1. Leaving out ligands and nucleic acids, note down the accessible area per residue over the chain with a 1.4 angstrom probe, in whole Å².
2. What are the extents of the Cα atoms of segment 1-121 along their three principal axes, listed from largest to smallest and rounded to whole Å?
3. Thr233: accessible area at probe 1.4 Å, nearest 10 Å²?
4. Place a label point 7 angstrom from the Cα of Lys109 along the Cα-to-Cβ direction, then list the residues of segment 71-85 whose backbone nitrogen is under 15 Å away.
5. Sort Thr211, Thr197 by accessible area with a 1.4 Å probe, largest first.
6. Any idea of His307's accessible area? Nearest 10 Å², probe 1.4 Å.
7. In the full protein assembly as shown, how much of Ile89 is accessible to a 1.4 Å probe, in Å² to the nearest 10?
8. Could you please put Glu11, Glu108, Glu339 in sequence from largest to smallest accessible area, using a 1.4 Å probe?
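The values are calculated or read from the model by the stated rules, or taken from the named source; none is laboratory data. Remember, it's a predicted structure, so these values are computed and weren't measured experimentally. Using ideal geometry, Cβ is built from the backbone for each residue, glycine included, and neighbour counts are taken over all protein chains shown. Surface areas here come from the heavy atoms of the whole protein model, side chains and all, with no ligands, DNA or RNA. Shrake-Rupley method; radii C 1.70, N 1.55, O 1.52, S 1.80 Å.
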Amino acid sequence: MKNMEDYIHKEPSIYKNILENRKQILEPMIKWAHSEYRAVVIFATGSSSNAAFSAQLYMSAKLGIPVYIEEPSLSGNYMLHLDKNTLYIAISQGGHSYSTIHLVKEIEKQGGTIFTITSDLTSPIAKEAKCVIGMGMEVEEMPYVTAGYSATILILNLLALELALAEGKITPEQYEFDVSEMKKIATELPNIIEKSTKWVAAHTKEWMSATRIFFIGYGSTYGVAREGETKVTETIRITAFGKELEEYMHGPYIGLDASDTIIFLEPEGQLMNRADKLKEFLRGHVPHVQTIYANQGKASPNDLAFHIQTDELLASLYMTVPVHLLAFRISQEKGIDLEKSAFPEFDKITASKI
């Protein structure tokens with residue numbers, strides 16, 4: 001079975017394929033763009049939800065309308081009030097999420113249209129859904145997805161870009177510029193992976209003793225912080241949190257402990273000065289504070305800077321690489337077998353995955 005790192009190294013080719021075939025992959029939704037809609041609602045859980053949060057702000061900026069991320073269980077069971085002027089999207093990378101499948105069935109039962117994005121066109125959700133969008137990549141054998149998470153962000157960004165072009169919300173020149181920026185990121189991915197690998201190796205010893213890790217992001221890297229929480233919890237099996245910058249500053253900081261490890265995901269955007277002030281405070285109480293910078297930043301020897309100049313809303317396309325590598329490498333150093341479920345009876349009892 002391929003492992004998480006194997007799929008991280010596949011991301012450059014996956015990005016290239018999606019970018020080259022974007023119009024074909026997204027054709028059903030692009031055709032639907034002629035309908036008038038005033039909002040986008042994305043239903044997803046786990047890493048799919050984290051990816052949606054990573055793309056949310058870019059999508060909203062290009063489309064000029066609100067983009068919401070909703071829990072399928074809450075919506076499907078308690079808040080399903082369909083609006084014909086809303087574009088509904090469901091994401092289940094593996095295609096086995098019970099709550100997302102249930103949500104899709106409920107929307108279609110009520111006569112609504114929802115586009116379902118999955119990497120597995122033979123999965124239960126693909127069989128149930130009427131409007132299925134393949135992700136343009138192979139199905140990940142490893143349950144703790146890495147490439148699928150990144151591919152989801154790219155597909156959602158490209159969807160917004162294609163719809164904005166089709167609806168005249170951006171010019172052809174603006175469209176081409178953003179596509180070229182995404183291609184630049186795809187080209188830089190091998191270097192990003194190499195830098196991330198060295199950074200993780202340099203700090204493995206200190207992370208091995210971590211009992212609690214906080215990932216803090218803002219803008220597009222809020223979704224990256226959430227993904228850090230998901231992956232570290234799943235793989236290293238210690239307490240992890242993914243917080244938005246201001247959210248952390250309004251309460252959670254009070255529970256600060258000197259043993260905490262805190263990693264900032266810095267897209268070098270509108271809230272960079274706010275993040276710097278928080279780091280100034282934290283360094284007076286916590287020895288382990290590090291930052292992953294999208295570009296140059298104010299990197300210290302303990303930080304990681306990618307030296308990529310791009311829109312802060314595109315930074316989530318590559319800033320999760322070191323987070324995924326951290327989760328995988330530390331789990332392996334600790335001897336955790338990710339091919340064996342920590343609680344094999346869980347799905348048998350809960351049917352969380354179909």
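1. 43 Å²
2. Between the extreme Cα coordinates on each principal axis of segment 1-121 lie 42, 30, 24 Å.
3. Number for this one is 60 Å².
4. Only 73-82 fall inside the zone, counting backbone N under 15 Å.
5. My answer, sorted largest first, is Thr211, Thr197.
6. His307 has an accessible surface of roughly 100 Å² with all protein chains in place.
7. Rounded to the nearest 10, the figure is 0 Å².
8. Most to least solvent-accessible, the answer reads Glu339, Glu108, Glu11.
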